[in-house]
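Trainee: Encoded as structure tokens, here's the structure I'll be asking about.
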């Protein structure tokens, strides 16, 4: 099995490098192509009776090595792992079966490569790429007036008081500071800009490859493009954070409405383009994470629930 691991990892590294150099490392060519390559290498080097078990072991070792040697992040590996296992096992079973059948027909042999090519072309070819626009929102009710909410929306967020929880605590880039460009106290007028600084990756021990995010902080810059007495809409000006490899922010809208008895409902809406493919896999994942992020941003407003 050691030979299979070495060959599979070497093949995966080569494919990864090619896809990175051609700007296809966030497409289905990466997330379907690489596990398919791993499985094919295993099928060609392992006894038929042990193909599936060996494939699972090889994928597991390669995923771990990707963090140790290639600098991949924990959160990236966790989210990619189910897809890698599913594709690799499917390819191993089908290719192994076709290989085992004596004199297997040409149609049998051709179906899998054609299917894989179509699936792996999402994000590469427009004809096989699904729409990427997504919108999610979260709502909180605060013991505050509409005026209090308006003030809080225009003030820096209190990220230092609210720690990410649940799925957001698994290793996503963490916001540290929110400052208003130019040093203003409040920034909710049209044209105002706010800069959110994110922490860099944690330092890794000497024997491990440096995290591919880098250890330096990064920034997301937003600009207010629309403002009413009960809403603010912002657009993304620039994004140097690791989040930019997963999605592109289109607009962020914060709206609020008084509920009576001194309470106000605030809704935070995020509109973005998904950058990862395949859509059927990463679309739901990004929606869940973005929805949790909208809730976290609401919790970070300078208000008390």
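Trainee: When the chain is treated as a GNM, springs tying every alpha-carbon pair under 10 Å, which of 141, 232, 58 comes out with the largest mean-square fluctuation?
Mentor: Greatest mean-square fluctuation among the candidates belongs to 141.
Trainee: Let me know the shape class of the range 1-43, please: from the alpha-carbon gyration tensor, a ≥ b ≥ c as square roots of the eigenvalues, rounded when a/c is under 1.5, otherwise prolate if a/b is greater than b/c, or oblate. Walk me through the intermediate numbers first.
Mentor: Details: a/c = 3.96, a/b = 1.93, b/c = 2.05.
Here the range 1-43 falls in the oblate category.
Trainee: Further question: Which shape class, rounded, prolate or oblate, goes with the range 116-245 when its Cα gyration tensor gives a ≥ b ≥ c as root eigenvalues, a/c under 1.5 marks rounded, and past that a/b bigger than b/c marks prolate?
Mentor: Values: a/c = 2.02, a/b = 1.37, b/c = 1.48.
Judged from the Cα gyration tensor, the range 116-245 comes out oblate (a/c at least 1.5, b/c at or above a/b).
Trainee: Taking the Cα centre of each part, how many Å lie between the range 41-91 and the range 150-180?
Mentor: Using only Cα atoms, the two centres lie 35 Å from each other.
Trainee: Between residue 158 and residue 77, what FRET efficiency follows from the Cβ-Cβ distance if R0 is 41 Å, with the result rounded to 0.05?
Mentor: Numbers: r = 31 Å, r/R0 = 0.76.
About 0.85, to the nearest 0.05.
Trainee: How far is it, in nm, from the label point at residue 85 to the one at residue 50 when both lie 7 Å from their Cα along the line to the Cβ?
Mentor: 2.1 nm
Trainee: Continuing with this model, one more query. Report, in degrees rounded to the nearest 10, the 0 to 90 angle that the Cα long axis of helix 74-100 makes with the longest principal axis of the chain.
Mentor: Result, in degrees: 20.
Trainee: May I ask you to derive the relative contact order of the chain, considering only C-alpha pairs under 8 Å and at least 6 residues apart, and to give it as an integer percent?
Mentor: Values: 553 pairs, mean separation 63.5, N = 305.
Relative contact order here is 21 percent.
Trainee: Taking Cα atoms, how many degrees apart are the long axis of helix 106-120 and the longest axis of the chain, rounded to 10 and kept between 0 and 90?
Mentor: Tilt relative to the chain: about 20 degrees.
Trainee: Rounded to the nearest 500, what is the 222 nm mean residue ellipticity of the chain from helices alone, with -39500 (n - 2.57) per DSSP H run of 4+ residues and division by all residues?
Mentor: Value at 222 nm, helices only: -13500 deg cm²/dmol.
Trainee: Extension gain residue 130-residue 248, at 0.36 nm per residue separation less the Cα-Cα distance, in nm? Intermediate values should be presented prior to the final figure.
Mentor: Values: separation 118, 0.36 × 118 = 42.48 nm, distance 1.56 nm.
Taking residue 130 through residue 248 to full extension adds about 40.9 nm, to one decimal.
Trainee: Continuing with the same structure: If you build a Gaussian network model of the chain, linking Cα atoms that sit under 10 Å apart, which residue out of 249, 213, 280 swings the most?
Mentor: Among 249, 213, 280, the largest GNM mean-square fluctuation belongs to 280.
Trainee: Continuing with the same structure: Compute and list, largest first, the equivalent-ellipsoid semi-axes of the chain from the alpha carbon gyration tensor, each √(5λ) rounded to a whole angstrom. Each step should come with its number before you reach the end.
Mentor: On the way: eigenvalues 410, 81, 52 Å².
Calculated on Cα positions only, the semi-axes equal 45, 20, 16 Å.
Trainee: Additional query: Of 41, 59, 114, which is the most mobile in a GNM of the chain whose springs link Cα atoms less than 10 angstrom apart?
Mentor: Sorting by GNM fluctuation, first place goes to 114.
Trainee: Still on this structure: Give me the angle, in degrees from 0 to 90, between the Cα long axis of helix 51-68 and the longest principal axis of the Cα atoms of the chain, rounded to the nearest 10.
Mentor: Taking Cα atoms only, the helix is inclined about 40 degrees.
Trainee: To continue, here is another question. State whether the range 2-124 is rounded, prolate or oblate according to the following rule on the C-alpha gyration tensor (a ≥ b ≥ c being the square roots of its eigenvalues): a/c under 1.5 gives rounded; otherwise a/b larger than b/c gives prolate, and the remaining case gives oblate. Before the final figure, lay out the partial values.
Mentor: On the way: a/c = 2.10, a/b = 1.34, b/c = 1.57.
The shape class here is oblate.
Laboratory data are not the source of any read-out in this text; all were calculated from the coordinates shown. The model shown is predicted, which means the values in this text are computed figures rather than measured ones. Counting neighbours? That spans all protein chains shown, and the Cβs are built from the backbone with ideal geometry, glycine included.
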